[in-house]
Amino acid sequence: MKRIIFLLIFSVFAVSLVQAQHRDVRRASRQLNRGNLAEAKKYMDAALLDQASHSDPETWLTQAQLYMDIHGSEDAAVRALAENPLDIAQKALERARKEDTNNKHLIQIQQSLLVMSELLFNQGVEYYTAENYRDASGYFLRSYELAKSFGSIDTTTLYNAALSAELGNNLPEAKRYYTELVELEYDQPYIYGSLSNIALQLKDTVASLQYVNMGRERYPDDLNLIFNEANIHIFSGNIEKATQVLDLAISKDPDNPNLYFAFGANYDKMAQDTTYTEEERAFAFNEAIKAYNNAIDLNPNYFDAIYNLGVLYFNEGIRIFEEADQKLRATHDFRAYTKDEERFREKWLQAQPYLERAKDMLPEGDPNLEIVVVSLMQLYMRTDQPEKYQSIEKLYRQYFGEEE
């Protein structure tokens, strides 16, 4: 008889304990609905102290909603209630799905997962905007995988994860995501160019060319893929083949100044890249000049081509000057320096008409004007043109500083 009484007392105690746990969840839910997130968290923490509440999907749904609201709050004090609230919320939703064995809460869980996927995506955008590409990639991937878990294949989100991983120099992950996009037949030629670039960075020119060929089979006229193929041949030292590829592209649209500008900009970048050999950079420098001039011939008012050509000459003068200065310090050979001086002054003087023309094309107030004016100030000072320097300095003070 005593044994029966004891069992009854224990049963009543267990029921009371479960009711208390459920009461804390209900209280947390009420405070959550009222926007009192700190109070809701207090009750939620109390409910989770006992393992018995962990088998109830309602507990985890409330937990997930609480931490999603903490994440979305504009109140700094509320956001300080938890570190990485989205991580906690996502884990709570996964636990709710696991505990919902009878699918009683299926619709509510799926709706919350959709919201969570959106929140993860938005967090990825925030990190991407802040140029924190590695974290951006992680959040985009989580958003993609969460949507995928209930049957939605969001290839755009996976592409964002791949691009962010590439920009964050996480090349193995970027390659994995881009490869999955190829398998999903995502309609974006850049993925083949990115796979090619990644392979090229890993010194695998065979794989790099294979990716380009795959892309060009699908997008035969895509300029970026043509650039990629040309770069591979340049990287491999096959300048003749690179030239053939680029000539083929130009033959498709010979009267397009934008095409020539794109080629010029591509070679311009290569000419400044010290990872290439001197021969390759010299080739790129000359090709950039030809391409920019072709763009200007087709469109005499093409500001970007005119300005870039001026900067290309100016930067080449800087490069020659720095090399000459280092040699002079090492050898004290002033005769050799005099010859080098002729070379870098020649480049700066070649830059001058293009930069002056670019300046004359810009109206007062244009954001590019200050950059051009400062470039000319440096050029006139380095080439010993005091009258022109005084004139451009006066213009600089008039537009961007205090007048004399």
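Things worth noting here:
- Applying both filters, DSSP loop and at most 13 other Cβ atoms within 10 Å, to the chymotrypsin sites (Phe, Trp or Tyr not before Pro) of the range 109-184 gives Phe150.
- Separation between Cα centres of the range 116-179 and the range 232-266, rounded to whole Å: 33 Å
- Sequentially through the range 371-381, phi angles give Karplus couplings (6.51, -1.76, 1.60; θ = phi - 60°) of 4, 5, 4, 5, 4, 5, 4, 5, 5, 5, 5 Hz, Gly and Pro residues having no value and appearing as x.
- Expected 222 nm ellipticity per residue - DSSP helices of 4 or more, -39500 (n - 2.57), all of the chain, to 500: -26500 deg cm²/dmol
- Exposed trypsin sites (Lys or Arg not before Pro) absent: longest stretch of the chain, with sites in DSSP loops and at most 13 other Cβ within 10 Å deemed exposed: 204-404
- Surface accessible to a 1.4 Å probe, Thr156 within the full protein complex, Å²: 70 Å²
- The angle between the Cα long axis of helix 133-149 and the longest principal axis of the Cα atoms of the chain comes to about 50 degrees, rounded to the nearest 10.
- Computed 3J(HN,Hα) for the range 90-101, one whole-Hz value per residue from the Karplus formula 6.51 cos²θ - 1.76 cosθ + 1.60 where θ = phi - 60°, is 5, 4, 5, 5, 5, 5, 4, 5, 5, 7, 7, 5, glycine and proline marked x.
- Hz values of 3J(HN,Hα) by residue in the range 78-86 - Karplus curve (6.51, -1.76, 1.60), Gly and Pro given as x: 5, 5, 6, 5, 8, 8, 6, x, 5
- Measuring nothing but protein heavy atoms, the accessible surface of the range 165-220 at 1.4 Å probe radius is 49 percent carbon and sulfur.
- The value of relative contact order for the range 292-404, using C-alpha pairs under 8 Å at least six residues apart, is 23 percent.
- Listed by chain and number, the lysines whose alpha-carbon sits under 30 Å from that of Lys339, ignoring those within fewer than 8 places in the same chain, are Lys269, Lys290, Lys327, Lys347, Lys388.
- Ranking by accessible area, most exposed first, for Thr338, Thr62 with a 1.4 Å probe: Thr338, Thr62
- Between 0 and 90°, nearest 10: helix 239-252 axis offset from the chain longest Cα axis: 80 degrees
- Principal axis extents of the C-alpha atoms in the range 119-236 (largest first, rounded to whole Å): 43, 28, 21.
- Helix axis angle, 303-331 relative to the chain longest principal axis, alpha carbon, degrees: 80 degrees
- Per residue, in Å², the accessible surface of the chain once ligands and nucleic acids are set aside, probe 1.4 Å: 56 Å²
- Loop sites in the range 30-112: chymotrypsin sites (Phe, Trp or Tyr not before Pro), DSSP, at most 10 other Cβ within 10 Å: none
- For the chain: rounded, prolate or oblate by the Cα gyration tensor [a/c cutoff 1.5]: prolate
The values are calculated or read from the model by the stated rules, or taken from the named source; none is laboratory data. Everything numeric in this text was worked out from a predicted model, so none of it was measured. Don't worry about glycine lacking a Cβ; one is built from the backbone with ideal geometry, like all the others, and counts go over all protein chains shown. Please note that ligands, DNA and RNA were not included when accessible areas were found on the heavy atoms of the full protein model with its side chains. Shrake-Rupley method; radii C 1.70, N 1.55, O 1.52, S 1.80 Å.
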